[in-house]
Number of protein chains: 2
Amino acid sequence: MPRSHGRRATLVHPDADEFDVLDVLHALADPTRMTIVRTLRADPERACGTFPVDVAPSTLTHHFRVLREAGVIRQREDGNRRWTALRFEDLEDRFPGLLDTIVSAYGRQTGSATT
Amino acid sequence: MPRSHGRRATLVHPDADEFDVLDVLHALADPTRMTIVRTLRADPERACGTFPVDVAPSTLTHHFRVLREAGVIRQREDGNRRWTALRFEDLEDRFPGLLDTIVSAYGRQTGSATT
DNA sequence: CCTCTCTTTCGACAAACATCGTACATGGGT
DNA sequence: ACCCATGTACGATGTTTGTCGAAAGAGAGG
């Protein structure tokens, strides 16, 4: 059976000038994804499995895709692992102050110091 | 038939210290609701039917409820009309800079000057 | 080659969501 | 009293979403 697409599906990352702020807001309006982003705001890059979230691996993959397609994160392959990083510069370029304002609003709400 | 609840259902508005930033983001991650908010950012208060959106009246009521329950807008009765205003001070108090950063990001994206 | 770990894809499911049409309530005019 | 304008509530519908488990791919190491 012609399984045309190998598993390494060449991760799709939108260009910075294609970002849609509504997609970014939607991507961030979820506790699991917000945790991912906050974790990345502290660490520059992490392997997929090392995030302090409590969902099944396949669910995590789903959340990464939402974030990636909104332009919030970038993922790259390294052997068996997939590394995830914030696209902070790109976001800052297109929507200045947006990410930090949102992240620090969440930090204020939860009482944690993230800024 | 005991139709216990009169139509005037005493509009529910959360206190500012109950705002959830995830709810606010979700409320704003919709084009219709974003249009409502941007319109209110320019005008202090408007009647429900005067927003430049293209949805059915009942759909509009739904969007107002989402915004209201997230703490983004306040609504008050006046005779037959319902007036809608941004809860800008309350939002600013709880999540400094959040609303304007988001609204101006959207403005930047659509090319309109909203800041 | 075989196995173990990491991560993805697929299929399924229930819950939430945006949308609408219809019916109804309220209040202002005539 | 009647009608019209404004806006809501309800019920229905189709779509999106978050979640999972099972199966499988890819690389590392024995």
Checklist outcome for this item: Among helices (runs of 4 or more DSSP H) entirely within the range B:12-115, at least 1 residues that are open to solvent by 30 Å² or more (accessible area, probe 1.4 Å) and more than 10 Å from chain A (Cβ to nearest Cβ) occur in B:31-42, B:57-70, B:88-94
Checklist outcome for this item: In the range B:34-76, anything over 25 Å from B:Arg94 (Cβ atoms) and near DNA strand C (Cβ under 10 Å from one of its atoms) is listed as B:Val53, B:Asp54, B:Val55, B:Ala56, B:Pro57, B:Ser58, B:Thr59, B:Leu60, B:Thr61
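Results for (1) closer than 27 Å to B:Ala27 by Cα; (2) within 11 Å of DNA strand D (Cβ to nearest atom); (3) modelled with pLDDT of 95 or more; (4) among the charged types (D, E, K, R), shown as yes or no for each residue.
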site: A:His5; (1), (2), (3), (4): no, yes, no, no
site: A:Asp15; (1), (2), (3), (4): yes, no, yes, yes
site: A:Phe19; (1), (2), (3), (4): yes, no, yes, no
site: A:Leu22; (1), (2), (3), (4): yes, yes, yes, no
site: A:Asp30; (1), (2), (3), (4): yes, yes, yes, yes
site: A:Glu45; (1), (2), (3), (4): no, no, yes, yes
site: A:His63; (1), (2), (3), (4): yes, yes, yes, no
site: A:Gly71; (1), (2), (3), (4): yes, no, yes, no
site: A:Ala85; (1), (2), (3), (4): yes, no, yes, no
Checklist entry - So which residues in the range A:72-112 are among the small types (Gly, Ala, Ser) and in contact with a Lys or Arg (Cβ under 6 Å, 6 or more places away or on another chain)? => result A:Ala85
Checklist entry - Does B:Gly97 satisfy being under 24 Å from A:Gly107 (Cβ atoms), at pLDDT 95 or above and in contact with a Pro (Cβ under 6 Å, 6 or more places away or on another chain)? => result no
Next on the checklist: Can you list residue pairs whose Cβ atoms sit under 8 Å apart, with the first residue in the range B:79-92 being of a type in the set (Phe, Trp, Tyr) and more than 16 Å from DNA strand C (Cβ to nearest atom) and the second being open to solvent by less than 50 Å² (accessible area, probe 1.4 Å) and assigned to a helix (DSSP H, G or I)? Count only pairs 6 or more apart in sequence or on different chains.
Outcome noted: B:Phe88/B:Leu99
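The values are calculated or read from the model by the stated rules, or taken from the named source; none is laboratory data. Just so we're clear, the structure is a prediction, and the values are computed from it rather than from any experiment. Using ideal geometry, Cβ is built from the backbone for each residue, glycine included, and neighbour counts are taken over all protein chains shown. Accessible surface areas use protein heavy atoms only, side chains included; no ligands, DNA or RNA. Shrake-Rupley method; radii C 1.70, N 1.55, O 1.52, S 1.80 Å.
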